[in-house]
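The values are calculated or read from the model by the stated rules, or taken from the named source; none is laboratory data. Quick caveat: nothing in here was measured; it's all calculated off a predicted structure. Every residue, glycine among them, receives a Cβ derived from its backbone with ideal geometry; neighbour counts consider all protein chains shown.
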Amino acid sequence: MQLILILFTINVIQGPWAIGFEKLDTNFDKNSDKELTLILKVSRNRTHKVLDLRMGDCKTPIPNPISGDFFATSEDRNSFDNDATNDELVVKIDMDKSMIADSPMYNAESKVLQVCQIVQLVVF
Amino acid sequence: MQNPRCYKCARLFNWLYFDNSNNEVVVVEERHEIDVTFKLDFDYTTSNVVLEAATNKLLEGGADVVSYVQACKCKTDGSGCDEAESKLLPNAELHVCIYSTSADVGIDYLDSMVRARMSRCFRSVLLHSLLSPKFIVVLIIPLTGCHAD
């Protein structure tokens, strides 16, 4: 209860807690360096966390030995004058394309690559 | 009855929980399930499908392999592209090499092929990888006595 009250107080002072999905871009061209780009809106003044990419079930970590080499995640957080309540969070995922076909994230029969990206707003 | 906050949910989302491992409270969490469908027929245009707002989202995207695949007029032994700018003589056979330009993508097989012009005057023979492991080689043979439409 105390925790909820603290959060409620923070909420009143700093505004809402929200993550809004804007867009997903995919680029698996030969020379692409960021294969997946996820664009979100996150409430300003909130601390966000971008977790490591997971399997499509959103629970299972991408298994070794490919987890360290298969992807690299980077992020940009941008504020714009025309939106006083939200920032833009751009999550960019660089995948090693040569590892996709043999990875457990890719279904060769359906030709679908399935992964999961979790984004959080947190209080430390 | 479906939870109205959750469109196409695969599982429950977590909201306001304490993460012991990091000593932090997760107030909002979004799980973006990303499906990328690879079209392997070289003529695909990337498209993204955006679903309506929800906490747990299923995202779909597409990717093509067109930038990896090239074709060239190749040598008759299938050993590589014929760089000589010699014109194809009437009734001459044409070898076409289809190959990947990147180690990221390999070509397993050629499923179908469309000749855009004078199709009834030619016959295609798929030599596949008989001549070269790197190239898929298609031999296009002109049919005698055939005239263009």
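Against the numbered list (1) away from chain B (no Cβ under 13 Å); (2) surrounded by 14 or more Cβ atoms within 10 Å (Cβ to Cβ), A:Leu53 comes up short only at (1). Quick check on my filter: what residues within the stretch A:1-50 are modelled with pLDDT under 90, surrounded by 12 or more Cβ atoms within 10 Å (Cβ to Cβ) and of a type in the set (Ser, Thr, Tyr)? Of everything in the stretch A:1-50, those that are modelled with pLDDT under 90, surrounded by 12 or more Cβ atoms within 10 Å (Cβ to Cβ) and of a type in the set (Ser, Thr, Tyr) turn out to be A:Thr26, A:Ser32. Within the stretch A:54-63, not a single residue is assigned to a strand (DSSP E or B) and at pLDDT below 90.
Restricting attention to the stretch A:103-123, the residues being of a type in the set (Lys, Arg) and in contact (Cβ under 8 Å) with a residue 24 or more places away in the chain number 0. Taken residue by residue, the stretch B:63-84 has at least one member that is in the same structural domain as B:Ile136 (by TED's automatic domain parsing), over 20 Å from the mean Cα position of the chain (by Cα), at pLDDT 70 or above and polar (S, T, N, Q). Filtered by the rule that a residue be at the interface with chain B (Cβ under 7 Å from one of its Cβ atoms) and either touching a helix residue (DSSP H, G or I) at 6+ places or on another chain (Cβ under 7 Å) or more than 16 Å from A:Trp17 (Cβ to Cβ) (or both), the stretch A:92-122 gives A:Lys97, A:Ser98, A:Lys111, A:Val112, A:Leu113, A:Gln114, A:Val115, A:Cys116, A:Gln117. Answer yes if at least one residue in the stretch A:70-91 is in a loop (DSSP other than H, G, I, E, B), more than 29 Å from B:Val105 (Cβ to Cβ) and within 13 Å of chain B (Cβ to nearest Cβ), and no otherwise. Checked against the condition, which is being in a loop (DSSP other than H, G, I, E, B), more than 29 Å from B:Val105 (Cβ to Cβ) and within 13 Å of chain B (Cβ to nearest Cβ), the stretch A:70-91 yields no hits at all.
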